[in-house]
Each structure stands twice: as structure tokens, then as C-alpha cells.
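Peer 1: Dumping the structure here so I can ask a few things about it.
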Amino acid sequence: MRTYGFFVLKRFGQLLIVVFLGVSATFFITHLSPLDPVEQTMGRLTRQSGFSPEAQEAMRAALTELYGTDKPLLEQFYSFWSRLVRGDMGPSLLAFPTPALRLVKRALPWTVGLLTTTVLITWTVGNLLGGLAGYFQNSRLLKAFGVFAIGVQPIPYYIVAFIMLILFGFLWPVLPISGGAGMFVEPGWNIHYALSIVHHSILPASSIVVVGLGTWFLGMRALVSNVVTEDYVTYAEFGGVESRKIVGSYVIRNAMIPQLTALAMVLGGVFSGTIITEEVFSYPGVGTLLIDAVNAGDYTLVLAVTSISIATVATAIFVIDLLYPLLDPRVRVR
């Protein structure tokens, strides 16, 4: 147990390093961009309202002082981390003067809910069907699903999202194609609002699930095809053990360990796919918020979204990494 405690501390230290390097890289990339967020904001405000030249200069000076864009880059970097540690990244230029982190907190539950649901469905169902297909290799139904998985697995998430948008939004308009819930449904902890959220999430979730199922199905089928040739599986079959018990207790269970590692590796890819899918369906998550912030040149909001996203994905991988030695006794904790 003491060894596992050192293992947790070591992985936690690696988590902090990953988050620091990822957020720092995002900071320098955004601040080295030729776009000036203050000028972007001034251009947007002056187009919407008629300010006098004196008022424009006063506003430009106030925004420059507020965001510190006239200071050296390293000083801005230190100021950024000081505010981030305190949980204050400053107001968003896109929705001034709303704090950027408040906008992220509003959008984050939508993305986390969508990502959690799709990952659980694709990982569980894909591995289950892949395990059955690898063991029952003569099943016509599972062979047909394998052909389908091979066909959809290389397709990007956003392509599937566009196809579903056209099919179920225009050709056969039976599902909502934008928003997170109905416009006239009262938000709150009630059944009507929950059903509205589920109804609006069907298309975004389905576009991710369709591609994700193929990935996990093919990976698990290949792993099980190797496991079924092991001596302990052959011995169990000769011993008269039921096929259901062999599949569940011997085959899928042993093939599941590499898939857990793969889950940690693909979380970042699934998250990036979720961002594009959210924009396609105008889903009110961090993906839509990030694209709006980039288009507006609001790197305060961009940094808030990316910082929270990096920390969230890295933490999820950290948790999976901690579970690995507990699930597989063959792994030594060092």
C-alpha cells in the first residue's frame, strides 16, 4: 500500500508538469499571434456604436491597462499564472465585463456530460461487441457489424455530424439540430428540462458514438482473436466450461486491460472531436465557446477554455492511470 502511495504521488507530479507545460504552451501561442485582442474589441465596439475619437482612445487605454498587453511577454506570463492560481483570469473581451472563467463554468457541464456519455457508450458497447466478435468468429451478425465498423471508423467526427445534420435535420426533420435544450422549457431540476436536454443531445452524441464504436470494436476484436488461442482458453473449452463464462471471465477480462490504456490515449482525440461536433450543432459547450473566442480574438477566453480543458483531460488520464495497477495484478507499481 505504501508503494502504491508513492506511485500516486509520482503520477500526480507528472500531472502537474503536463498541465503546466500544456497551459504555458497555449499562453505563448496565443500571445505570439499577430492579432491584438484590444484592437479586435475596439473594432467590434466602434462598429456597433458611434464613439467619439476621445472616447475611443480612453477605452483603448483602459483595455490595454486592464489586460496588460503593453507589458513584456514574460511579465504577462507571470501575471497570467498568478491570476490562474487565484481562479481569476480576468474579464472576457467577447462578453465584457463577464469573467472568462464564469463563461467556461457555464459551458463546461454541457461538454463534460456529452463527452462522458459518449465515451461510456462507445467504450462499453464497442468492447463488448468486439469481444463477442473475436470469440464467435462465425456469427453473421457480428461479421456484418465488423464491416460497418471498418467503413465508419476512418471517418472524422465532424463528417458524420454533417451527414446526420442533413439526414435528421433537413431530409427527415425529426430531431433538433441546434441548442442544448428547448427555448421555451424552464431550466431547472425537473423532468421536462432533463428530457429536453436528452432530446437535443441525440444528434451530437450519435455522431461521436458511431465513429467511436468502430474504433473500440475493431481493437477489441483483434485482441480477443489473440487471447482465444491461449492455452488457458483451450483448456477451459476442453474442460466443458460454458462459452458465456469463458468469454466473460477469461477472454474479455484479459483483453480489457490494453483497452483501458487505449482509453487514456484517445481521450484527447475524443475531446477535440467533441469541440467540432458542438460547433456543427451549435451545442452550448466549451467547443462552441472556444471557436467564438478564436473568431473574436479573445485570447483571455481562449486561455480559460484551453486551461480548463487541458486540466480536465489530464486529470481523467491520471485517474485511469491510477486504476491500471489495481485492475491488472501483473503490473508492478514503481
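Peer 1: Assuming L195 fulfils every condition listed in (1) in a loop (DSSP other than H, G, I, E, B); (2) open to solvent by 80 Å² or more (accessible area, probe 1.4 Å) apart from one, which condition is it?
Peer 2: Unmet for L195, out of (1) in a loop (DSSP other than H, G, I, E, B); (2) open to solvent by 80 Å² or more (accessible area, probe 1.4 Å): (1).
Peer 1: Sort through G188, G169 and tell me the only one that's open to solvent by less than 80 Å² (accessible area, probe 1.4 Å), farther than 18 Å from T117 by Cβ and not in a helix (DSSP H, G or I).
Peer 2: Working: G169 fails: not in a helix (DSSP H, G or I).
Of the residues listed, the single one that is open to solvent by less than 80 Å² (accessible area, probe 1.4 Å), farther than 18 Å from T117 by Cβ and not in a helix (DSSP H, G or I) is G188.
Peer 1: I'd like the full set of residues that are assigned to a helix (DSSP H, G or I), in contact with a helix residue (DSSP H, G or I) (Cβ under 7 Å, 6 or more places away or on another chain) and within 14 Å of Q137 (Cβ to Cβ), limited to segment 223-235.
Peer 2: Within segment 223-235, L223, V224, S225, V227, V233 qualify.
Peer 1: Six or more apart or on different chains, Cβ atoms under 9 Å: show the pairs whose first residue is in segment 183-206 and acidic (D, E) and modelled with pLDDT under 90 and whose second is assigned to a helix (DSSP H, G or I) and open to solvent by less than 60 Å² (accessible area, probe 1.4 Å).
Peer 2: Once the first residue is acidic (D, E) and modelled with pLDDT under 90 and sits in segment 183-206, its partners that are assigned to a helix (DSSP H, G or I) and open to solvent by less than 60 Å² (accessible area, probe 1.4 Å) give E186/Y193.
Peer 1: Please identify the pairs in which a residue from segment 249-264 that is open to solvent by 20 Å² or more (accessible area, probe 1.4 Å) has its Cβ atom under 7 Å from the Cβ atom of a residue that is part of a helix (DSSP H, G or I) and of a type in the set (S, T, N, Q), counting only partners at least 6 apart or on another chain.
Peer 2: These pairs meet every condition: M256/N127.
Peer 1: On the basis of being under 21 Å from G131 (Cβ atoms) and crowded, with 19+ Cβ neighbours inside 10 Å, does T215 make the cut?
Peer 2: Yes: the conditions hold for T215.
Peer 1: Also, quick follow-up: Go through (1) in a loop (DSSP other than H, G, I, E, B); (2) touching a helix residue (DSSP H, G or I) at 6+ places or on another chain (Cβ under 8 Å) and name the single condition N138 misses.
Peer 2: Of (1) in a loop (DSSP other than H, G, I, E, B); (2) touching a helix residue (DSSP H, G or I) at 6+ places or on another chain (Cβ under 8 Å), only one is false for N138: (2).
Peer 1: If you scan segment 83-126, which residues turn out to be in a helix (DSSP H, G or I), of a type in the set (S, T, Y) and in contact (Cβ under 8 Å) with a residue 40 or more places away in the chain?
Peer 2: Step one: of segment 83-126, the residues in a helix (DSSP H, G or I) are 83-85, 100-126.
With the extra rule that they be of a type in the set (S, T, Y), the set shrinks to 111, 116-118, 122, 124.
Within segment 83-126, T111, T117, T118, T122 meet the criteria.
Peer 1: Oh, and also: Do you know which residues across segment 271-302 are open to solvent by 20 Å² or more (accessible area, probe 1.4 Å) and either among the polar types (S, T, N, Q) or closer than 16 Å to V211 by Cβ (or both)? Working first, answer last.
Peer 2: Taking segment 271-302 as the starting set, the residues that turn out to be open to solvent by 20 Å² or more (accessible area, probe 1.4 Å) are 271-272, 275-276, 279-280, 282, 284, 288-292, 294-295, 299.
Result: F271, S272, I275, I276, V280, S282, T288, N295.
Peer 1: Another one. Would you check if V85 is open to solvent by 40 Å² or more (accessible area, probe 1.4 Å), more than 30 Å from V233 (Cβ to Cβ) and either polar (S, T, N, Q) or under 25 Å from the mean Cα position of the chain (by Cα) (or both)?
Peer 2: So V85 fits the description; yes.
Peer 1: For segment 117-135, name all the residues that are open to solvent by 80 Å² or more (accessible area, probe 1.4 Å) and over 12 Å from I252 (Cβ atoms).
Peer 2: Selection gives L120 alone.
Peer 1: While we're here: Considering only residues that are under 13 Å from T261 (Cβ atoms) and open to solvent by less than 50 Å² (accessible area, probe 1.4 Å), which ones fall in segment 309-321?
Peer 2: I320, the sole residue that qualifies.
Peer 1: Note down all Cβ pairs under 7 Å where the first residue falls in segment 317-330 and is assigned to a loop (DSSP other than H, G, I, E, B), the second is at pLDDT 70 or above, and they're at least six residues apart or on different chains.
Peer 2: Within 7 Å, the pairs are D328/I257.
Peer 1: Let me ask you something else. Out of all the residues in segment 152-173, which are free of Cβ contacts under 8 Å to residues at least 12 places away in the same chain and within 23 Å of A222 (Cβ to Cβ)?
Peer 2: P154 - this is the single residue of segment 152-173 that is free of Cβ contacts under 8 Å to residues at least 12 places away in the same chain and within 23 Å of A222 (Cβ to Cβ).
Peer 1: While we're on this one: When you check I208 against the structure, is it under 26 Å from the mean Cα position of the chain (by Cα), open to solvent by 40 Å² or more (accessible area, probe 1.4 Å) and within 30 Å of F162 (Cβ to Cβ), yes or no?
Peer 2: Against the criterion (under 26 Å from the mean Cα position of the chain (by Cα), open to solvent by 40 Å² or more (accessible area, probe 1.4 Å) and within 30 Å of F162 (Cβ to Cβ)), I208 does not qualify.
The values are calculated or read from the model by the stated rules, or taken from the named source; none is laboratory data. Source: prediction; values computed, not measured. Positions of Cβ are generated from backbone atoms using ideal geometry, with glycine treated the same way; all protein chains shown enter the neighbour counts. Accessible surface is based on the protein model in full, side chains and every heavy atom, while ligands, DNA and RNA are left aside. Shrake-Rupley method; radii C 1.70, N 1.55, O 1.52, S 1.80 Å.
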